[in-house]
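Everything on this sheet refers to the single structure shown next.
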Amino acid sequence: MEGSDVSKETENGHAGQATHLFGYLVTFAVLTTLLLVNVSLTFMEIPAPWHIVLTLVVASLQALTLLLFFMHLKQSDMLTWLSLLAGLFWSGIMFLLTLTDYLSRPYGVL
Amino acid sequence: MSVEAPGKSEAGVESVLGHHFDDIGQQRDAAKLGIWLFMITEILFFGGLFLAYTVYRAVWYPDEFKAASSHLNVLIATINSVLLLASSLTITLAIGYVRAGSRKAATFCLGMTCLLGILFLCFKGREYYLDYKEDLIPWSATFGQGEVDLTEGATSADEAKAKLQRSRIFFMAYFCMTGVHVIHMIVGIGLVGWIWWECRRGLLHSERFMKVEVISLYWHFVDLVWIFLMPLLYLAGEHSLDSLHL
């Protein structure tokens, strides 16, 4: 495999980003399987709140797999993790403050 | 500080090292941090759209959103998801091939990424056309009263009007979110096309692999957004196998 030379590289901060064809194919297979699981859930009769919760949980697993392996977050330094967590943290503030406001208002009728 | 990979020439490193960086490792770390900081702004940008959707979907009109979602094309969305996941695989492989100096393999992988992205847009175009044919364009005067009847189940004229208005909000969210995603896809295809062209011309030697890595992170982010658009827009409603069509 052409990428095998690369796997010996030990560059700091980028270690493990070498072409591990098999590993990436497994990641792709996992992502595709999770997608099919998610799509099949839509054809099942699942009670109202659980349907969207389940599909979002599966989507989150897909996102985590993509982040860890395709986006190399698993091998990344603390600064990269901090960047991602900062993005999620600020989004969390946006969601929390907005929803506390909307959830405490009377039902909006259109 | 970074240690340069064995087998890499000093001249090659110097040719890509910016004068304002101490060494190539610092330059690569800065590039990586830069794209991650950009992605924070993107998370917040799409977060606003997801939040608006959440307020309407979870707080105000869950039933109408669920009913409207069942009229979206799940088959095309699933094909598009597979195309995007495959393109994420090919662009990830391209990084390794560029680092290894395998020009042919890298060119192939980058070309495939571009092609899969273009195919995604073709299917998206087909989906928008089907929405147009089914009168699901929210700013159309005949919205929801053609092939697909969004007022179904309403017992009075007022209720039918309210159902139509609420469904209109769902389709506004659908076109807005997928439309912004499509714009990101077009930018991504342009960027991948640019490095594909450089790679093909032999201008993208192994020391410049970080350029591919940075663009790949953007590409993966666009894929991540789609991963969450699927359950929120397409899988939110009930679908039957009979309704699947291209």
Open item on the list: Please compute the volume of the convex hull spanned by the alpha-carbon atoms of chain B and report it per residue in Å³.
Closed with: 137 Å³
Open item on the list: At a 10 angstrom cut-off on C-beta neighbours, averaged per residue, how do the peptides B:85-95, B:209-219, A:96-106, B:45-55 rank from highest to lowest?
Closed with: B:85-95, B:209-219, B:45-55, A:96-106
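At 25 °C and a viscosity of 0.890 mPa s, what translational diffusion coefficient does Stokes-Einstein give for the stretch A:58-110, taking Rh as the Kirkwood radius over Cα pairs? Give it in µm²/s as a whole number.
Reported coefficient: 182 µm²/s.
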Task: For B:GLU238, residues with placed amide H under 5 Å, excluding near neighbours - done: B:SER70
Task: Total lysine pairs under 24 Å (Cα atoms) in the protein assembly as shown, excluding pairs fewer than 8 apart on one chain - done: 19
Open item on the list: Taking the Cα centroid of the stretch A:39-88 and of the stretch B:11-67, what is the distance between the two, rounded to the nearest whole Å?
Closed with: 15 Å
Open item on the list: Suppose we look only past 13 Å in the calculated P(r) of the stretch B:98-165. What percent of the Cα-Cα pairs does that tail hold?
Closed with: 73 percent
Task: Two-site FRET efficiency, A:LEU85 against A:LEU25, from Cβ-Cβ distance with R₀ of 22 Å, rounded to 0.05 - done: 0.15
Task: FRET E, pair B:TRP139, A:ASP77, Förster distance 41 Å, beta-carbon r, rounded to 0.05 - done: 0.30
TODO: Let me know the mean shielding of B:87-100 by other chains, meaning the per-residue number of their Cβ atoms within 10 Å of its Cβ.
DONE: 6
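Rounded, prolate or oblate: which fits the protein assembly as shown, taking a ≥ b ≥ c as square roots of the Cα gyration tensor eigenvalues, rounded meaning a/c under 1.5, else prolate when a/b beats b/c?
Cα axes put the protein assembly as shown in the prolate bin.
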Task: the protein assembly as shown - mean residue ellipticity at 222 nm from DSSP helices (-39,500 (n - 2.57) per run, n ≥ 4, rounded to 500) - done: -23000 deg cm²/dmol
Task: Relative contact order of chain B, defined on C-alpha pairs under 8 angstrom at six or more residues apart (%) - done: 32 percent
Task: Estimated inter-spin distance, A:THR32 and B:VAL180, nm [label 7 Å along Cα→Cβ] - done: 3.1 nm
Open item on the list: Placing unit charges on C-beta atoms (Lys and Arg positive, Asp and Glu negative, everything else neutral), compute the dipole magnitude of the protein assembly as shown about its Cα centre in debye, rounded to 20.
Closed with: 340 debye
Task: Angle in degrees between helix B:24-54 and the longest Cα principal axis of chain B, rounded to the nearest 10 - done: 0 degrees
Task: Dipole in debye (nearest 20) - chain B, about Cα centre, beta carbon charges: Lys, Arg +1; Asp, Glu -1 - done: 620 debye
Open item on the list: Spelling out what I want: for every residue of the stretch B:84-92, take phi, set θ = phi - 60°, compute 6.51 cos²θ - 1.76 cosθ + 1.60 (Karplus), and round to whole Hz; glycine and proline get x.
Closed with: 5, 5, 5, 5, 5, 5, 5, 6, 5
- [ ] Output the Cα-based Rg and Dmax of the stretch B:49-127 in Å, rounding Rg to one decimal and Dmax to a whole number.
- [x] 18.2, 55
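Every number here is computed from the coordinates shown, using simple stated rules; none is lab data. In this text the structure is predicted, and so the values were computed from the model without any measurement. Cβ atoms come from the backbone with ideal geometry, glycine included; neighbour counts cover every protein chain shown.
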